[in-house]
Amino acid sequence: MKIKAAIISNGLEGLHYYYKSNKTISYSIIEITRDFNPYFSSFDLLIIPNGSDHIALYKIKNKIHQFLDEGKTLFCFDGWFTNWLPGSRWVMDNSKKTIDIRYKIKSDRRNLFKNVNIDGLIFSKGISGWWACGYIIPATDAEILLEDTWNRAIIILDETTTNGIIIATASGPLADITYQTTNDNNSMNDISILYKNLLEFIQNKIKQSINN
């Protein structure tokens with residue numbers, strides 16, 4: 001069962017490098033235009049990449065809520081400064097020194113961090129705390145997957161606010177970075193592994209819903 005995914009883009013350079021269709025997933029890029037009014041009924045997964053236009057997303061928040069209420073999945077890999085995402089809230093915070101930032105697994109009941117070295121999300125070119133910006137105030141009953149030094153949510157999984165699944169990061173980018181040239185193979189590799197684990201989780205969910 002191939003996942004059908006929509007990626008919201010406001011003209012971000014390089015999305016096609018990070019999100020390449022393969023045997024697991026088929027991507028369609030939906031550009032934000034002046035008359036932005038997309039339909040998501042044909043998709044299983046909606047992806048909001050790093051650097052997205054959250055004002056435009058706020059304008060279609062009802063469509064996103066409906067998409068989730070149909071039991072589908074949303075990936076948000078960017079801090080959302082308008083309240084279009086149901087349940088959880090993102091807080092921009094650069095008051096902490098990056099040298100002090102560490103991430104640790106809070107919960108992993110679904111084995112989403114299989115083969116992921118968390119140091120790959122902490123360090124890039126010797127700099128710590130590069131991956132996330134701020135933190136998440138999770139919705140009631142949302143599961144905190146990853147937290148930081150101060151026990152603030154960095155990745156959450158929410159299966160209770162809507163009928164669907166929300167996986168959100170505190171603006172930390174996730175994608176299949178293995179397609180992109182980089183000078184820091186270790187950290188990029190762990191991002192790709194985590195992203196592929198998430199896709200496997202969603203693919204299994206889709207199969208279960210079909211079989212039921």
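The values are calculated or read from the model by the stated rules, or taken from the named source; none is laboratory data. Computed from a predicted model, the values in this text were never measured in an experiment. Ideal geometry is used to build each Cβ from the backbone, glycine not excepted, and the neighbour counts take in all protein chains shown.
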Residue count, region 116-130 (criterion: modelled with pLDDT of 90 or more and part of a loop (DSSP other than H, G, I, E, B))
3
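Tell me, please, whether a residue that is under 19 Å from I48 (Cα atoms) and within 17 Å of the chain's Cα centre (by Cα) can be found in region 92-103.
Yes, region 92-103 has at least one match.
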Kindly indicate which of P38, P49 is over 17 Å from the mean Cα position of the chain (by Cα) and either surrounded by 15 or more Cβ atoms within 10 Å (Cβ to Cβ) or within 27 Å of S192 (Cα to Cα) (or both).
P38
From E31, E13, residue being free of Cβ contacts under 8 Å to residues at least 24 places away in the same chain, exposed (fewer than 15 other Cβ atoms within 10 Å of the Cβ) and touching a strand residue (DSSP E or B) at 6+ places or on another chain (Cβ under 7 Å)
E31
Among the residues that make up region 56-64, is at least one of them within 18 Å of T162 (Cβ to Cβ) and loosely packed, with under 14 Cβ neighbours inside 10 Å?
yes
Which one of the conditions (1) part of a loop (DSSP other than H, G, I, E, B); (2) of a type in the set (D, E, K, R); (3) under 18 Å from the mean Cα position of the chain (by Cα); (4) within 25 Å of Q66 (Cα to Cα) does D108 fail to meet, given that it meets all the rest?
(4)
Can you tell me which of (1) modelled with pLDDT of 90 or more; (2) out of contact with any strand residue (DSSP E or B) (no Cβ under 6 Å at 6 or more places or on another chain); (3) of a type in the set (S, T, Y) is the one Y18 doesn't meet?
(1)
As an exercise: evaluate D100 against (1) among the acidic types (D, E); (2) free of Cβ contacts under 8 Å to residues at least 40 places away in the same chain; (3) surrounded by fewer than 16 Cβ atoms within 10 Å (Cβ to Cβ) and give the number of the one condition it does not meet.
(2)
Taking I137 as meeting all but one of (1) buried (at least 19 other Cβ atoms within 10 Å of the Cβ); (2) touching a Lys or Arg at 6+ places or on another chain (Cβ under 7 Å), write down the number of the exception.
(1)
Looking at the structure I just gave you, is D148 of a type in the set (D, E) and over 25 Å from K63 (Cβ atoms)?
yes
